[in-house]
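Single-structure report; data block below.
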Amino acid sequence: MQNLTRLTKKIYNSWIKSQAPTKKLTKLKKLDKYLILLVCIIFSMITSFELVTKPIHNLNFILSIIINFFEILICCLVLVYISKKDDPTINSRQIFLLIILLLIVQVLKINFKTISALPIIVPPTLILSQGMGTITALSWVSIALINWPNSPIGINEYLLLITFVASCIVAIFGGKIRSRAQLLQVSILVPLGAFIAQCLFLGIDNNDLYNFNLQNLILERGNIISDSFLLATLMLLAIILMPILESIFGLVTKARLLELADQEKPLLRRLSVEAPGTFEHTLLLCGLAEEATRMIGGNVDLVRTGALYHDIGKLHAPNWFIENQNGKNNPHDELDNPLESAKILQAHVDKGIQIARKYGLPKPIVNFIPEHQGTLKMGYFLSKAKEKDKNVSEKNFKYKGPIPQSKETAILMLADGCEAALRAMDINASDKEALKIISKIINFRIEDGQLLDSNFSRGEIYLIKISFLNVWKRVRHRRIQYPTEKNKSCP
């Protein structure tokens with residue numbers, strides 16, 4: 001009966017998540033669009049190069065060249081569109097990486113026909129699946145294998161099939177891998193699996209085994225053993241170069257996110273020591289945001305890491321924030337200037353962005369700093385200012401924004417709003433009361449227009465509310481009242 005209940009709940013949650021609207025695509029600058037189109041045209045021309053070099057027989061031959069050119073051009077544009085749908089936050093640098101890798105593959109397969117497709121296609125697939133996702137990587141593989149030229153040594157069609165299968169495996173597992181160690185395992189197991197598959201489908205020449213030596217391993221082309229060795233070498237090289245590519249093209253891999261989430265990182269250690277109240281608030285926020293993101297099928301690693309760094313700007317003046325105060329002295333009371341207090345609160349966003357850039361945090365993480373506050377009003381100081389001047393401008397008491405541009409940053413905003421309210425609730429409060437508070441805070445954010453660019457569906461909002469309630473139920477617990485005796489301390 002329990003299994004049936006769980007299955008029903010999973011189906012229900014999946015149906016609710018399916019009600020989500022299509023994600024909005026990020027807009028690229030005009031210059032970037034023209035450059036991307038130019039690179040796609042160049043790639044299409046290179047792909048049609050082999051046909052163009054042949055003698056022109058008739059009009060049909062010219063027509064076939066034109067058709068081939070536009071087929072590849074359309075495929076490139078479809079790849080760009082798919083990559084933007086797969087990750088709406090993708091930027092022009094990452095799109096250039098997609099097309100550049102296609103160009104490199106095309107040049108290699110035209111000029112080095114004796115090299116098999118395996119070492120050319122699989123390593124870039126690993127990079128793309130880690131940095132841009134499985135769907136983008138699979139789409140890239142499909143286009144890269146189009147019109148593969150015939151080889152002088154007669155590469156078997158089975159090899160292209162093995163290459164496609166190996167690439168798909170790398171794309172699927174690469175998108176889920178969460179550590180460098182797992183990447184190393186893939187770089188060993190995939191070449192080994194490809195070697196076994198080639199032996200089964202293509203067979204292995206006995207002469208290759210008798211004449212095999214270190215020189216042949218490195219230099220000989222078209223040999224099953226040397227191809228597998230070259231594939232393993234290039235995959236290891238791709239893993240080594242991945243941190244550099246992350247920096248140049250702004251890729252954020254799961255392994256990179258997990259490294260940043262290590263609480264022994266210098267910036268997080270500073271936060272825990274210099275602003276301990278903020279750090280504790282951050283840890284509870286991580287629990288709320290992770291659970292909600294998991295429920296709607298978002299990027300859990302991204303929201304966890306973003307939550308850890310979202311308040312690093314409070315390091316510039318930790319004592320000005322209530323969670324770091326000892327409950328006796330409040331600098332805002334001594335200042336007695338609501339407008340200046342509002343500026344100090346805004347400063348934690350501006351300073352946070354500066355600190356994040358100084359420590360080299362990736363842009364998707366930096367985005368959490370301003371977007372978790374959006375353009376919310378600083379209600380307490382606004383009401384204090386209105387006590388002194390009813391005509392005070394509300395603009396001076398709003399955060400600069402922007403409002404959340406992704407579901408992950410929006411979830412952090414909602415969790416940030418609910419965390420304090422849930423923490424303050426009585427331990428004996430009912431689930432109904434807690435859900436009422438959560439709904440009130442989330443509905444206010446919706447009415448205030450903070451979630452306009454997040455594209456949440458009603459089903460996802462419902463799941464977020466339930467996930468916050470579940471986390472609150474976990475962290476709220478009673479302690480056993482131990483009996484005490486005189487002159488003895490309780491355990």
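The values are calculated or read from the model by the stated rules, or taken from the named source; none is laboratory data. These numbers were taken from a predicted model, which means no experiment stands behind them. Neighbour counts are summed over all protein chains in view; Cβ atoms, including those assigned to glycine, are modelled from backbone coordinates with ideal geometry.
Enumerate the pairs (first residue in the stretch 408-428 and within 14 Å of Ser467 (Cβ to Cβ); second residue anywhere and part of a helix (DSSP H, G or I) and among the charged types (D, E, K, R)) with beta-carbon separation below 8 Å, excluding pairs fewer than 6 apart on the same chain, so at least 6 apart or on different chains.
Between residues of the stretch 408-428 that are within 14 Å of Ser467 (Cβ to Cβ) and residues that are part of a helix (DSSP H, G or I) and among the charged types (D, E, K, R), the close pairs are Ala410/Glu371; Leu412/Glu371; Leu414/Arg445.
Just checking, how many residues over the stretch 379-434 are outside any helix (DSSP H, G or I), over 27 Å from Thr282 (Cβ atoms) and aliphatic (A, V, I, L, M)?
The number of residues fulfilling the criteria is 1.
Kindly provide the set of residues from the stretch 165-185 that are at pLDDT 90 or above, crowded, with 16+ Cβ neighbours inside 10 Å and more than 19 Å from Asn299 (Cα to Cα), ordered by number.
Listed by number, the residues that qualify are Ala166, Ser167, Cys168, Ile169, Val170.
I'd like to verify a number: residues in the stretch 324-343 that are assigned to a loop (DSSP other than H, G, I, E, B), surrounded by 15 or more Cβ atoms within 10 Å (Cβ to Cβ) and over 38 Å from the mean Cα position of the chain (by Cα), how many?
The qualifying residues number 1.
I need the full set of residues from the stretch 241-285 which are of a type in the set (Asp, Glu) and touching a residue at least 60 places away in the same chain (Cβ under 8 Å), in order please.
Glu246
Pick out the one residue from Leu7, Leu37, Leu63 that is surrounded by fewer than 11 Cβ atoms within 10 Å (Cβ to Cβ), farther than 30 Å from Ile224 by Cβ and at pLDDT 70 or above.
Leu63
Looking only at the stretch 73-94, how many residues end up being crowded, with 18+ Cβ neighbours inside 10 Å and of a type in the set (D, E, K, R)?
3
Please determine, by comparing only the residues of the stretch 98-130 that are surrounded by 24 or more Cβ atoms within 10 Å (Cβ to Cβ) and touching a Gly at 6+ places or on another chain (Cβ under 9 Å), which one is farthest from Asn299 (Cα to Cα).
Filtering first and then ranking leaves Ser116.
Rundown of residues vs (1) in contact with a Lys or Arg (Cβ under 7 Å, 6 or more places away or on another chain); (2) surrounded by fewer than 21 Cβ atoms within 10 Å (Cβ to Cβ); (3) assigned to a loop (DSSP other than H, G, I, E, B), yes/no style:
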{"position": "Leu234", "(1), (2), (3)": "no, yes, no"}
{"position": "Pro243", "(1), (2), (3)": "no, yes, no"}
{"position": "Leu258", "(1), (2), (3)": "yes, yes, no"}
{"position": "Ser272", "(1), (2), (3)": "no, yes, no"}
{"position": "Phe279", "(1), (2), (3)": "no, no, no"}
{"position": "Leu283", "(1), (2), (3)": "no, yes, no"}
{"position": "Gly287", "(1), (2), (3)": "no, yes, no"}
{"position": "Glu291", "(1), (2), (3)": "no, no, no"}
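Which one is modelled with the highest pLDDT among residues in the stretch 80-113 that are more than 20 Å from Leu245 (Cα to Cα) and touching a Phe, Trp or Tyr at 6+ places or on another chain (Cβ under 7 Å)?
Only one residue fits best here, namely Gln106.
Select from the stretch 393-407 the residues that are touching a residue at least 40 places away in the same chain (Cβ under 8 Å) and over 24 Å from Pro88 (Cα atoms) and list them in ascending order.
Across the stretch 393-407, the qualifying residues are Asn396, Phe397, Tyr399.
List the residue pairs whose Cβ atoms are under 6 Å apart, where the first residue sits in the stretch 296-310 and is within 20 Å of Gly131 (Cβ to Cβ), the second is surrounded by fewer than 21 Cβ atoms within 10 Å (Cβ to Cβ) and among the acidic types (Asp, Glu), and the two are 6 or more positions apart or on different chains.
Every condition considered, the pairs that remain are Val300/Glu290; Arg304/Glu290.
Please find, among Ile312, Ile244, the residue that is at pLDDT below 90 and of a type in the set (A, V, I, L, M).
Ile244
So which of Lys384, Lys400, Lys363, Lys351 ends up being surrounded by fewer than 15 Cβ atoms within 10 Å (Cβ to Cβ) and farther than 28 Å from Arg294 by Cα? Full working, then the answer.
Working: Lys384 fails: surrounded by fewer than 15 Cβ atoms within 10 Å (Cβ to Cβ); Lys363 fails: farther than 28 Å from Arg294 by Cα; Lys351 fails: surrounded by fewer than 15 Cβ atoms within 10 Å (Cβ to Cβ).
Lys400 is the lone residue from the list that is surrounded by fewer than 15 Cβ atoms within 10 Å (Cβ to Cβ) and farther than 28 Å from Arg294 by Cα.
Out of all the residues in the stretch 107-138, which are in contact (Cβ under 8 Å) with a residue 60 or more places away in the chain, within 19 Å of Leu231 (Cβ to Cβ) and assigned to a helix (DSSP H, G or I)?
Within the stretch 107-138, Val107, Leu118, Pro119, Val122, Pro123, Pro124, Leu126, Ile127, Gln130 meet the criteria.
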